[in-house]
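To start, the structure under review is shown below, and the notes come after it.
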Amino acid sequence: MEITWYGHSCFRLRSRLVTVVTDPYGKDTGYVLPRVRADVVTVSHDAPNHNHYRGIAGKPYVIRGPGEYEIKSTFIIGTRTFRDTKKGAVRGFNTIYLIQMDDLRVCHLGDLAHIPSQAQIETLSDVDILLIPVGGKPTLNASQATEIISLIEPKIIIPMHYKTPLTTIKLDPVGRFIQAMAIKMPEPLETLKVRASKTPSETQVVILQPKQ
């Protein structure tokens, strides 16, 4: 599998058979969404910086909420969570997606803003790659992200939804998350290529450069 980050919460997950794009954004993030083709698009919630599926080429199948889906041998499970700490009363719902492709399980947490319940965590077993917001304001902050990581225990962690020189959204920089994890800042990668047979034995944090 090849993973490319386009900034904010938007990733391209590409295997031999299928391409999935997560949370494509519009024009209010500071990033510019490249012309990307996909078979499937997942949308964590209905906001312009997460739901711009019309900007994706290829007439993709769009998933916009909880449920179980199978598209081109790719299995996707959407679990309802919240964008606040008051069960959605302030900012509404969020969907976590567990995407199984190329014998890898990738979890995209979307705009999650709370520690998931035990029942929600149980739906996220055996996660290989976790795509997690770390920028706070109003999603998970660095300390909340580290707590969730300890609950899910993924093999690879890719932070998202944080401040970069490109984004205009007020978020914390990724350095706060790295500090909370008590690790050295990894060398950023343009893309991550990973095989199910070669995932790390210990949890690894990967920093991706936003591709523009």
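Readers should treat all values here as calculations from the given coordinates under stated rules, not as data from a laboratory. Small disclaimer: the values here were computed from a predicted structure and weren't measured. Don't worry about glycine lacking a Cβ; one is built from the backbone with ideal geometry, like all the others, and counts go over all protein chains shown.
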Legend entry - Answer from ASP84, ASP126, ASP111 - the residue that is under 17 Å from HIS45 (Cα atoms), of a type outside the set (Ser, Thr, Tyr), part of a loop (DSSP other than H, G, I, E, B) and more than 15 Å from the chain's Cα centre (by Cα): ASP84
Inset, instruction - Go through (1) more than 23 Å from LEU189 (Cα to Cα); (2) buried (at least 22 other Cβ atoms within 10 Å of the Cβ); (3) without any contact (Cβ under 8 Å) to a residue 40 or more places away in the chain and name the single condition PRO66 misses. - result: (2)
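Based on what the data block shows, is ILE157 more than 16 Å from VAL43 (Cα to Cα), assigned to a strand (DSSP E or B) and touching a helix residue (DSSP H, G or I) at 6+ places or on another chain (Cβ under 8 Å)?
Yes, satisfied.
Every residue, every condition in (1) touching a strand residue (DSSP E or B) at 6+ places or on another chain (Cβ under 9 Å); (2) within 28 Å of GLN204 (Cα to Cα); (3) of a type in the set (Asp, Glu); (4) without any contact (Cβ under 8 Å) to a residue 40 or more places away in the chain, yes or no:
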{"residue": "THR29", "(1), (2), (3), (4)": "no, yes, no, no"}
{"residue": "THR42", "(1), (2), (3), (4)": "yes, yes, no, no"}
{"residue": "PHE82", "(1), (2), (3), (4)": "yes, yes, no, yes"}
{"residue": "LEU104", "(1), (2), (3), (4)": "yes, yes, no, no"}
{"residue": "ASP111", "(1), (2), (3), (4)": "yes, yes, yes, no"}
Inset, instruction - Can you run down the residue pairs with Cβ atoms below 7 Å, 6 or more apart or on separate chains, where the first is in the stretch 190-212 and of a type in the set (Val, Ile, Thr) and the partner is part of a loop (DSSP other than H, G, I, E, B) and surrounded by 15 or more Cβ atoms within 10 Å (Cβ to Cβ)? - result: VAL194/MET1; THR199/ASP128; THR199/LYS155; THR203/PRO154; THR203/LYS155
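Among LYS170, LYS184, LYS198, LYS193, which is on the phi < 0 side of the Ramachandran plot, in contact with a helix residue (DSSP H, G or I) (Cβ under 8 Å, 6 or more places away or on another chain) and surrounded by fewer than 18 Cβ atoms within 10 Å (Cβ to Cβ)?
LYS184
Table: residues versus (1) buried (at least 22 other Cβ atoms within 10 Å of the Cβ); (2) part of a strand (DSSP E or B); (3) out of contact with any Cys (no Cβ under 6 Å at 6 or more places or on another chain).
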| residue | (1), (2), (3) |
| --- | --- |
| ARG12 | no, yes, yes |
| ASP28 | no, no, yes |
| LEU33 | no, no, yes |
| VAL41 | yes, yes, yes |
Inset, instruction - Sort out which residues of the stretch 84-96 are without any contact (Cβ under 8 Å) to a residue 12 or more places away in the chain and charged (D, E, K, R), and write them in order of number. - result: LYS86, LYS87
Legend entry - Residues of the stretch 112-142 satisfying the condition of being out of contact with any Leu (no Cβ under 9 Å at 6 or more places or on another chain) and surrounded by 14 or more Cβ atoms within 10 Å (Cβ to Cβ): GLN120, PRO138, ASN141, ALA142
